[in-house]
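Visitor: One structure is given below, represented as structure tokens, and several questions about it will come after.
What follows draws every value from the coordinates through simple rules; no lab data is involved. Model, not experiment: these values are computed from the prediction. Every residue, glycine as well, gets a Cβ built from its backbone with ideal geometry; the counts of neighbours run over all protein chains shown.
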Amino acid sequence: ESVLEDVLRIKSHPLVPSNIPVYGYIYDCRSGRLIEVPAATEAGKAS
């Protein structure tokens, strides 16, 4: 949920063009992997 809120905040910033996609990921400290948050990535699609 936090990642989705962050993506929406970035997308709504007046200095971020709407044609720039913003992706949402969580970093897993133990494995070193990035885990995509599909809802955040969907919300951050370029328009």
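Visitor: Which whole-number percentage describes the relative contact order of the chain, with Cα contacts under 8 Å and a sequence gap of 6 or more?
Guide: 45
Visitor: All other residues with a Cβ under 13 Å from the Cβ of Val22 taken together, and with Lys, Arg as +1 and Asp, Glu as -1, what is their net charge?
Guide: Here the count lands on -1.
Visitor: Could you list Asp6, Asp28 in order of exposure, starting from the residue whose Cβ has the fewest other Cβ atoms within 10 Å?
Guide: Asp28, Asp6
Visitor: Shifting gears a bit: Summing -39500 (n - 2.57) over the DSSP H runs of n ≥ 4 in the chain and dividing by its residue number, what mean residue ellipticity at 222 nm do you reach, to the nearest 500 deg cm²/dmol?
Guide: Computed ellipticity for the chain at 222 nm equals -9000 deg cm²/dmol.
Visitor: I would also like to ask the following. Apply the Kirkwood formula to the chain: the hydrodynamic radius equals the inverse of the mean of 1/r over all pairs of different alpha-carbon atoms; give it in Å with one decimal.
Guide: 11.0
Visitor: Using a simple spin-label model with points 7 Å from Cα along the Cα→Cβ vector, what separation in nm is obtained for Ile35 and Arg9?
Guide: Result for the modelled spin labels: 2.1 nm.
Visitor: About its Cα centre, what dipole magnitude does the chain give when the only charges are +1 on Lys and Arg Cβ and -1 on Asp and Glu Cβ, stated in debye to the nearest 20?
Guide: Computed charge dipole of the chain: roughly 120 debye.
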